Amino acid sequence: MTPSPTFGLQEALGFTIESVDGEAIATLTVDDLHLNPHGVVHGAVPFTLMDTAMGGAVMSTIDDGRLCATIEMQTRFHRPVATGRLRATAKVTTAGRRIVHLTAETLDDDNRLVASATASFAVFEA
């Protein structure tokens, strides 16, 4: 897998992402920064991991000079998590010239499902 270029939100949240051939993995070690007032990871964290992993998966399949953006994303939260590492995996399910559909899931250290998502991304010229 190839590391993706970093960006501000990634650096602020402290996660890594790698992608290759229509798949990507984003990983994060849970810190107090990621917790909501109830002491568990805020839903925006697994959402962001999956959204970014899906973007990385798309970018690994398109030609240079093209970009992608999320059109829609449906997210389900399955269990809370307060410590450990989160691993979001994304995979392209179907890819057209302009629209790519994907699935993603976030797992905890014990490989338990924390969140899952499906999404559609637009592909366009830079």
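Key figures for this structure:
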read-out: Count - residues of segment 16-43 that are in a helix (DSSP H, G or I) and either surrounded by fewer than 13 Cβ atoms within 10 Å (Cβ to Cβ) or at pLDDT below 95 (or both); value: 2
read-out: Selection from segment 96-112 of residues that are closer than 16 Å to Leu28 by Cβ and assigned to a strand (DSSP E or B); value: Ala104, Glu105, Thr106, Leu107
read-out: Pick from segment 1-15, criterion surrounded by 13 or more Cβ atoms within 10 Å (Cβ to Cβ) and either in contact with a Leu (Cβ under 6 Å, 6 or more places away or on another chain) or touching a residue at least 40 places away in the same chain (Cβ under 8 Å) (or both), ranking: nearest to Thr61 (Cα to Cα); value: Ser4
read-out: Selection status of Thr93, more than 19 Å from Glu18 (Cβ to Cβ) and not in a helix (DSSP H, G or I); value: yes
read-out: Residues satisfying the stated conditions in segment 44-102, i.e. of a type in the set (Lys, Arg) and surrounded by 13 or more Cβ atoms within 10 Å (Cβ to Cβ); value: Arg66, Arg85, Arg87, Lys91
read-out: Counted residues, segment 87-112 - those being under 14 Å from the mean Cα position of the chain (by Cα) and touching a residue at least 60 places away in the same chain (Cβ under 8 Å); value: 7
read-out: Selection within segment 16-41 - without any contact (Cβ under 8 Å) to a residue 40 or more places away in the chain and under 18 Å from Ala90 (Cα atoms); value: Thr16, Ile17, Glu18
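The values are calculated or read from the model by the stated rules, or taken from the named source; none is laboratory data. Please read these numbers as outputs of a predicted model, since none were measured by experiment. Here the Cβ is made from the backbone with ideal geometry for all residues, glycine too, and neighbour counts use every protein chain on show.
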